[in-house]
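*Asks:* Here's a structure for you.
The values are calculated or read from the model by the stated rules, or taken from the named source; none is laboratory data. Owing to the predicted nature of the structure, the values given are computational and were not obtained by experimental measurement. Backbone-built Cβ (ideal geometry, glycine too); neighbour counts: all protein chains shown. All accessible areas refer to the heavy atoms of the entire protein, side chains included, with ligands and DNA or RNA removed. Shrake-Rupley method; radii C 1.70, N 1.55, O 1.52, S 1.80 Å.
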Amino acid sequence: MTTALPGATLKPGAEGVLQLGFGGTTYVLKPDWTGAGVGTGAGAGTHRIGVDEQGRIVFQAGSGPKQLLLPALLSTAQAQGIFSAAMPGSTLAVQPGSSDGAFTLTLGGQAWRLVPQLALPTGAAGQREPWRMGADGVLYLKLGTQVQVAASGGLTCLRKRSATCSDLASPSPCATGAACR
């Protein structure tokens, strides 16, 4: 990949995740196991990285098959630990075949779809809590020494969570979008 992007850095991580640094931004990617087809046309035979017609990042090593690089969590295992502590009984699962790296958080029969953002946020490295819901409506997870953002699909009940909030133990307040009191 660094051959295709001169000046880029590549750091392999846990669970097959890659951190690609380029242009002052760190991207968190995981190769899709299905691939993206055989390289043909202009540029076939050279190492290249680009975006396909669906807006997904694609890497091609020489004339070999193309490889989709999807957004990913830095560590699914650490994220599961964060959610288990905040929402006892919850489970976290990566959605197989998801074209956007989505994962599902489930608690008591209620499920939320979360999508990790491709780039690590700038200015969030000082976050000390394991997670927080930002004013921008996205979930910030502290995974190791880095912070990653997951766009949420209805985790509004987490926004005002306090140490005494019991609403998270029941899916019904979250299902209605009610905030914890």
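*Asks:* Against the definition (on the phi > 0 side of the Ramachandran plot and either in contact with a Pro (Cβ under 7 Å, 6 or more places away or on another chain) or part of a helix (DSSP H, G or I) (or both)), how does Gly101 come out, yes or no?
*Replies:* On the way: on the phi > 0 side of the Ramachandran plot: yes; either in contact with a Pro (Cβ under 7 Å, 6 or more places away or on another chain) or part of a helix (DSSP H, G or I) (or both): yes.
For Gly101, the condition - on the phi > 0 side of the Ramachandran plot and either in contact with a Pro (Cβ under 7 Å, 6 or more places away or on another chain) or part of a helix (DSSP H, G or I) (or both) - is met.
*Asks:* For segment 125-145, which residues satisfy the criterion of being open to solvent by 10 Å² or more (accessible area, probe 1.4 Å) and touching a strand residue (DSSP E or B) at 6+ places or on another chain (Cβ under 8 Å)?
*Replies:* Taking segment 125-145 as the starting set, the residues that turn out to be open to solvent by 10 Å² or more (accessible area, probe 1.4 Å) are 125-133, 135-138, 140, 142, 144-145.
Answer for segment 125-145, where residues must be open to solvent by 10 Å² or more (accessible area, probe 1.4 Å) and touching a strand residue (DSSP E or B) at 6+ places or on another chain (Cβ under 8 Å): Ala125, Gln127, Arg128, Glu129, Pro130, Trp131, Arg132, Met133, Gly137, Val138, Tyr140, Lys142.
*Asks:* Go through (1) over 30 Å from Gln54 (Cα atoms); (2) modelled with pLDDT under 90; (3) touching a strand residue (DSSP E or B) at 6+ places or on another chain (Cβ under 9 Å); (4) of a type in the set (D, E, K, R) and name the single condition Asp100 misses.
*Replies:* Answer for Asp100: the failing condition is (1).
*Asks:* Counting only residues that are open to solvent by less than 20 Å² (accessible area, probe 1.4 Å) and within 26 Å of Tyr140 (Cα to Cα), how many does segment 59-73 have?
*Replies:* Residues flagged as open to solvent by less than 20 Å² (accessible area, probe 1.4 Å) and within 26 Å of Tyr140 (Cα to Cα) within segment 59-73 amount to 5.
*Asks:* Here's something else I'd like to know. Can you name the residue in segment 85-100 that is surrounded by 14 or more Cβ atoms within 10 Å (Cβ to Cβ) and over 13 Å from the mean Cα position of the chain (by Cα) and, of all such residues, is nearest to Met133 (Cα to Cα)?
*Replies:* For segment 85-100, the residue satisfying everything is Ala86.
*Asks:* Cβ-Cβ distance below 6 Å, separation of 6 or more or different chains: which pairs start in segment 109-137 with a residue that is over 23 Å from Arg56 (Cβ atoms) and modelled with pLDDT of 85 or more and end on one that is among the β-branched types (Val, Ile, Thr) and surrounded by 11 or more Cβ atoms within 10 Å (Cβ to Cβ)?
*Replies:* Ala111/Thr104; Gln127/Val147; Pro130/Ile82; Trp131/Ile82
*Asks:* Out of (1) over 21 Å from Gln19 (Cβ atoms); (2) buried (at least 16 other Cβ atoms within 10 Å of the Cβ), what's the single condition that is false for Thr104?
*Replies:* (2)
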